[in-house]
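Trainee: Can you keep this structure in mind? I'll have questions shortly.
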Amino acid sequence: LGQDLTALGLNLNSPDNLYPTFGGPWADQPCRPQDLDFHVPPEYLIN
Amino acid sequence: PLGAVPLQKEHQSQFQMMESAFYHMPQPSDSERLRTYLPRNQCSTPVYYIQQPLPQSDTLEFYQRLGTETLFFVFYYMEGTKAQFLAAKALKKQSWRFHTKYMMWFQRHEEPKTINEDYEQGTYIYFDYEKWGQRKKEGFTFEYKYLE
Amino acid sequence: YEDPPGLVEKTDFLIRDWISVYNSQPTGRDSTKAFSLFVHQMNCQGILKTDDLITRFFRLSTQLCVESVYRNMSDQNLTGNHLRVKCFNTLDAFVRLVALLVKHSGDSTNSTTKIHLLNKVLGIVAGCLLQDHEQRGTEFQQFPYHRIFIMLFLELNVPEPVLETINMHVLTAYCHTLHILRPSKAAGFCYAWLELVSHRVFMGRMLASTPQQKGWAMYAQLLIDLFKYLAPFLRNAELAKPVTMLYKGTLRVLLVLLHDFPEFLCDYHYGFCDVIPPNCIQMRNLILSAFPRNMRLPDPFTPNLKVDILQEIAFGPRVLNNFSSMITPITFKKDLDSYLKLRAPVTFLSELRSNLQVSNEPGMRYNIPLMNALVLYVGTQAIGFIRGKTLTPNMQTIAHSSHMDIFQNLAVDLDTEGRYLFLNSIANQLRYPNSHTHYFSCTLLYLFAEANTEAIQEQITRVLLERLIVNRPHPWGLLITFIELIKNPNYKFWNHEFVHCASEIEKLFESVARSCF
């Protein structure tokens, strides 16, 4: 009967595109804000 | 009517290679820039914790509801990410201002004694990321050119 | 052939030096200053003197970096994040060097040298991977190569003017490299490969931000590479864990495509259905369920839904691949065209099956892409023919034509396996409201109504049913066809014995029927 495709960790009812936060083929949840590279002002790269 | 088809020799050797790779699956952090403190890796939390990201957790409104210390934690430990960007915006909404020379956040503590187009001088609160706490700074001169 | 004496040592020294310089910078800071000093050093060492030396330098430095990763991975004291961070420090430094060399090679307006260098490096890393894959066998590790490819891609996709101008070349170079490294060529790299192909930045660049959908055909080719690799493993229903992992990963990627880029799936489903095994019902349904985002699908369960009067039915779907050229050999195509036009030579029908059959191996007897192309070609010719008489396709106008002769001949003359594939070729056209969906829906129902044996009717029912009982999604055209079949008394569906052949089957039909009424 195949898989329950709603249980693969993708929010299929999201009004926004999924790809910008797609966690990858093995991830069972989308990327969180702390996972996503972001071009912050260089001053923020405190390191 | 198609039924199963026995794997050819070529497929069997492919399967062996795939199987050994299966035991060395890519980690989430392999696809991300190096994160000094919190690499992107699944940390399995107890099932009674919420496993999915909280709804709307990638919005400024959500970050504005976080505590100030949490925002500073996100800012300093999730460098270069969208989370840091959102935390910075939320801090600014709470009238914190980022000083690019000291790379620290300041907040006015009272009406400054001196204000002109280059700087303002007065008593500030700043967040000390080494001692991890807010401190008062008397008579500090905040030069606008260092305001992010 | 042998490297010039001393080159390995020179390369080793230079690469180590660069890695320590890179890691002494605060990460994220641009290492351009250190880079110009380093290029000067490379020059002094004579590395940049000839194209051949540059090639050797990149091969040797790739091998040195990969070797250091293998050493780290064999170091028992290095585990988890420590291991990865240590490896990243080496690999990311090498990547940054390559990215800076690509960005700054030639002058800023001359993209050719940049792209030439990028293709060279990607080719070298791919070559090292394939050689490593070959030599190490099951000891092969995808990790270092995965890191090099993805970090270089991310470095070359930061929003910088010099990179934006060469972005299409970067994407093309990556697609070529990923095609060279497709899973059937490097099975030990297949998981990293799918991770690269479905990385959010790669997907976004290939399918969203590149203008005029210029990345779509290349992306479709990569998915076809994946389906071709999976096909033999998916043919056998019980999947081993490594296959299940890759299969579920593929489903996730297709779900993202279905949600974000349905038009992409609409355009390329033809090629996908040629390589997806026919028993891969749900994955195929997922692809066939895509419909243009600006289209509103009428609820298939709407009572008395009149499909014929939907305005979308009048328009054909966009067809990108040249399926008519896939009908070979040329003599067969000539006879086909002649029969369609003149209903001659009459022998064409009796020879039809032999043109489609390629072996006597059960389960492998027929040329599936040829079958699909033939069905689609005859169907589209039929639509044009009917329209040419200023009629519209419906149960009456599709009958008694050379096109329907061919379909009815295939239904009668093929064996069970062949007819299953033939009916699948038709069912693969049952998608969102368009002229193909409508024509092939009518054709399937017509074949059911005119069948001269119940076996054909049973097989048509099976082909539809197996697509309906799997988990969602289900293509719109499939639903409206099945609903018509069980609702319209002309087909006497409920009178057939096979409908009542087992209680659970009967219950299933009734539950579908209930959801229809």
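Computed from the coordinates by the stated procedures, all read-outs in this text should not be read as laboratory data. Quick caveat: nothing in here was measured; it's all calculated off a predicted structure. Cβ sites come from the backbone with ideal geometry, for glycine too, and all protein chains shown count toward neighbours.
Trainee: Under the classification rounded if a/c is under 1.5, otherwise prolate if a/b is larger than b/c and oblate if not, where does the range B:1-107 fall, given a ≥ b ≥ c as square roots of the Cα gyration tensor eigenvalues?
Mentor: Because a/c hits 1.5 or more and a/b exceeds b/c, the range B:1-107 counts as prolate.
Trainee: A follow-up question, please. Would you mind calculating the relative contact order of the range C:366-430 from Cα pairs under 8 angstrom and at least 6 residues apart, reporting the percent as a whole number?
Mentor: It rounds to 44 percent for the range C:366-430.
Trainee: Remind me, relative contact order of the range C:164-323 in percent, using alpha carbon pairs under 8 angstrom and six or more residues apart?
Mentor: 20
Trainee: Further question: Can you put C:R467, A:R32 in order, fewest other beta carbons within 10 Å first?
Mentor: So the residues, fewest neighbours to most, are A:R32, C:R467.
Trainee: What are the lysines whose alpha-carbon lies under 18 Å from the alpha-carbon of C:K33, with same-chain residues fewer than 8 places away excluded?
Mentor: C:K103
Trainee: Let me ask something additional. Spelling out what I want: for every residue of the range C:36-47, take phi, set θ = phi - 60°, compute 6.51 cos²θ - 1.76 cosθ + 1.60 (Karplus), and round to whole Hz; glycine and proline get x.
Mentor: 5, 5, 5, 4, 4, 4, 4, 4, 4, 7, x, 5
Trainee: Could you list C:I469, C:I287 in order of exposure, starting from the residue whose Cβ has the fewest other Cβ atoms within 10 Å?
Mentor: Final ranking by Cβ density, sparse to dense: C:I469, C:I287.
Trainee: Ordered by residue, what ³J(HN,Hα) values in Hz, to whole numbers, does the range C:164-172 give under the Karplus form 6.51 cos²θ - 1.76 cosθ + 1.60, where θ = phi - 60° and Gly and Pro are x?
Mentor: Residue by residue, the range C:164-172 yields 4, 5, 9, 4, 4, 5, 4, 4, 5 Hz.
Trainee: Dipole of chain C (Lys/Arg Cβ +1, Asp/Glu Cβ -1, origin at the Cα centre): which of C:P262, C:T443, C:Q135 lies farthest to the positive side?
Mentor: C:P262
Trainee: Oh, and also: Could you pull out the trypsin sites (Lys or Arg not before Pro) across the range B:33-140 that fall in loop regions by DSSP (anything but H, G, I, E, B) with no more than 16 other Cβ atoms inside 10 Å?
Mentor: Passing both the DSSP loop test and the Cβ count: B:R65, B:K101, B:K113, B:K131.
Trainee: Along the charge dipole of the protein assembly as shown, which of C:T331, C:L234, C:S111 sits closest to the positive end, that is, farthest toward it, with unit charges on the beta carbon of Lys, Arg, Asp and Glu (+1, +1, -1, -1)?
Mentor: C:S111
Trainee: A follow-up question, please. Would you please put C:73-80, A:38-45 in order of how densely packed they are, using the mean number of other Cβ atoms within 10 angstrom per residue and starting with the highest?
Mentor: Taking the mean over residues of other Cβ atoms within 10 Å, the ranking is A:38-45, C:73-80.
Trainee: When the Cα centres of the range B:41-95 and the range C:471-517 are compared, how far apart do they sit, in Å?
Mentor: Going from one Cα centre to the other spans 51 Å.
Trainee: Loop only by DSSP, 10 or fewer other Cβ within 10 Å of the Cβ. Give me the chymotrypsin sites (Phe, Trp or Tyr not before Pro) in the range C:1-67 that pass, ordered by residue number.
Mentor: For chymotrypsin sites (Phe, Trp or Tyr not before Pro) across the range C:1-67 that sit outside H, G, I, E and B with at most 10 neighbouring Cβ atoms in 10 Å, the list reads C:Y1.
Trainee: Report the per residue volume, in Å³, of the convex hull enclosing the C-alpha atoms of the range C:378-496.
Mentor: Cα convex hull per residue, to the nearest whole number: 99 Å³.
Trainee: Give the order of C:F440, C:F143 when sorted by the count of other beta carbons within 10 angstrom, beginning with the fewest.
Mentor: C:F143, C:F440
Trainee: Further question on the same structure: So which chymotrypsin sites (Phe, Trp or Tyr not before Pro) in the range C:308-348 end up in coil per DSSP with only 11 or fewer other C-beta atoms within 10 Å?
Mentor: C:F315
Trainee: Specify the angular offset, from 0 to 90 degrees and rounded to the nearest 10, of the alpha carbon long axis of helix C:111-136 from the longest principal axis of the alpha carbons in chain C.
Mentor: Value to nearest ten degrees: 80.
Trainee: Any idea how far the Cα center of the range C:32-101 sits from the one of the range C:162-210, in Å?
Mentor: Computed from Cα coordinates, the inter-centre distance equals 22 Å.
Trainee: For Cα pairs less than 8 Å apart in space and 6+ apart in sequence, what is the mean separation divided by the residue count of chain C, i.e. the relative contact order in percent?
Mentor: 10
Trainee: I'd like to know which of C:I460, B:L71, C:Y420 lies farthest towards the positive end of the charge dipole of the protein assembly as shown, counting +1 on Cβ of Lys and Arg and -1 on Cβ of Asp and Glu.
Mentor: B:L71
Trainee: As I understand it, the value is the acute angle between the Cα axis of helix C:454-468 and the longest principal axis of the Cα atoms of chain C; what does it come to in degrees, rounded to 10?
Mentor: 40
Trainee: Placing +1 at every Lys and Arg Cβ and -1 at every Asp and Glu Cβ, with all other atoms neutral, what dipole size does the protein assembly as shown have around its Cα centre, in debye to the nearest 20?
Mentor: It works out to roughly 620 debye.
Trainee: List, in order, the whole-Hz ³J(HN,Hα) value for each residue of the range C:473-485 obtained from phi through the Karplus relation with A = 6.51, B = -1.76, C = 1.60 and θ = phi - 60°; use x for Gly and Pro.
Mentor: x, 10, x, 4, x, 5, 4, 5, 5, 5, 4, 4, 4
Trainee: Ok, one more. Rounded, prolate or oblate: which fits the range C:435-517 when a ≥ b ≥ c are the square roots of the eigenvalues of the alpha-carbon gyration tensor, with rounded for a/c under 1.5 and prolate only if a/b beats b/c?
Mentor: Here the range C:435-517 falls in the oblate category.
Trainee: Is the shape of the range C:1-154 best called rounded, prolate or oblate, per the rule: a/c under 1.5 gives rounded, else a/b larger than b/c gives prolate, else oblate, with a ≥ b ≥ c the square roots of the Cα gyration tensor eigenvalues?
Mentor: Prolate shape, in that a/c is at least 1.5 and a/b is the bigger ratio.
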